[in-house]
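Beneath this line is the structure, given in C-alpha cells, with notes to follow.
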Amino acid sequence: MSGATATLNKSKRNSQIKEIWRRYKKSKIAMLGLVLLIFVLAIAIFADIIVPYEEAITQDPANRLQGPSGEHWFGTDELGRDVFARVVHGSRYSLWIGVSTSINTFFSLIIGGLLGAVAGYYGKTIDNVIMRLTDVVMTVPPILLSLAVVAALGANLTNLLIAITVSCIPNMVRMVRSTVLTVIDNDYIEAAKSYGSSDMRVILRYVIPNALGPIIVTTTMNVAAMILSASGLSFLGMGVQPPSPEWGALLSDARQYMFNAPYLLYFPGLFIVIAALSFNLAGDGLRDALDPKLKN
C-alpha cells in the first residue's frame, strides 16, 4: 500500500513539474531569459576551453590599449592584457559571487524567514516590534550597509559575500511576512490549531512550507541583485581585488580610459547587464509559472 502511495505521489510531482514547464514555455520573455542564462553559465563553465586563463593575466606593454581586432576581439587593456579573456574568466568571479551569495541567503532566510513568519503569524505587538526594527535597519541603503561590513571586516571575496548576505535580511523579513499573511487565513492552518498543534509547529510545518514558492522565486531573482551589488562594490574598490578579472573591477580599472578607450567599459558592462537580465527574466518567468492563478 505504501509503495502504491509513493508511486502516486511521484507521478503527481512529475505531472506538476510538466505543468510548470508548460506554462513557463508559453512566455517568450522567460525563454529568452533562460537562453541568456544558459549562455552566461556556459561561458563561466567552459571559460578555460574558450580561452586559456594565462591570456587574462599575461601583460604585453607593446600592445597596450589596442582596440578590438581579429587578434584581440575585445581589445587590450592598459597593461596589454586581452580584454576578451578577462571578461570570459571574470564571469566565474561574478557568477560565483551571485550564486554563492544566494546560497548564503539561506542563512539570511533562516533568520529573516523565522522573524517574518513570527511577525505575520502573531501580528499585533510582536509584528510591530519586529517590523519597526526592520524599518530601522532598512533606513540604511543595502550598498552602504555592505560597504560598512566590508570596511569593518576587510576587502576580500569572503567578506564581500558576508556583507551582501547581511544586507539581504531586512528584505527577507518583509517578503516572508507578506507571504505568511496570505497563508495564515487558510483552512488547514485553522485545522492544525484545532488539533492542538503548538504555534511553533504550525509555523514550521504548515506556514513556512506553504510560503516557500514565492520565497524560492524571489531568491532566484535576487541573484541578479547580488551580481550587481558585487560588481558595484568591486567598482568602488571594496570587493574582489586586482588583478582578479571580476567584471566590476574591470569597470573600475577602465574609468580613467573611458574617453580614449571606451571599449574597456563596453564589454564588461554589457556582460553585467546580460547576466543580471537573464536571472531577472528567468526568475520572473518562474514566478508566473508557479502562480496557480495563471493556470489555464
Report task. Assess whether SER178 counts as being out of contact with any Phe, Trp or Tyr (no Cβ under 8 Å at 6 or more places or on another chain), open to solvent by 30 Å² or more (accessible area, probe 1.4 Å) and modelled with pLDDT under 75. Result -> yes
Residue count, the stretch 257-276, condition hydrophobic (A, V, I, L, M, F, W, C), touching a residue at least 60 places away in the same chain (Cβ under 8 Å) and over 16 Å from ASP82 (Cβ atoms), comes to 3
The lone condition TYR257 fails out of (1) open to solvent by 40 Å² or more (accessible area, probe 1.4 Å); (2) aromatic (Phe, Trp, Tyr); (3) modelled with pLDDT of 85 or more is (1)
Counting only residues in the stretch 260-280 that are over 14 Å from GLY75 (Cα atoms) and of a type outside the set (A, V, I, L, M, F, W, C), the one surrounded by the most Cβ atoms within 10 Å (Cβ to Cβ) is identified as SER278
Here, helices (runs of 4 or more DSSP H) confined to the stretch 15-100 with at least 2 residues that are surrounded by fewer than 19 Cβ atoms within 10 Å (Cβ to Cβ) and touching a His at 6+ places or on another chain (Cβ under 7 Å) are none
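The values are calculated or read from the model by the stated rules, or taken from the named source; none is laboratory data. This is a predicted model, so every value here is computed, not measured. Because the Cβ atoms are built from the backbone with ideal geometry, glycine has one as well, and the counts that use them run over all protein chains shown. We work out accessible area using only protein heavy atoms, side chains counted, and drop any ligands, DNA or RNA first. Shrake-Rupley method; radii C 1.70, N 1.55, O 1.52, S 1.80 Å.
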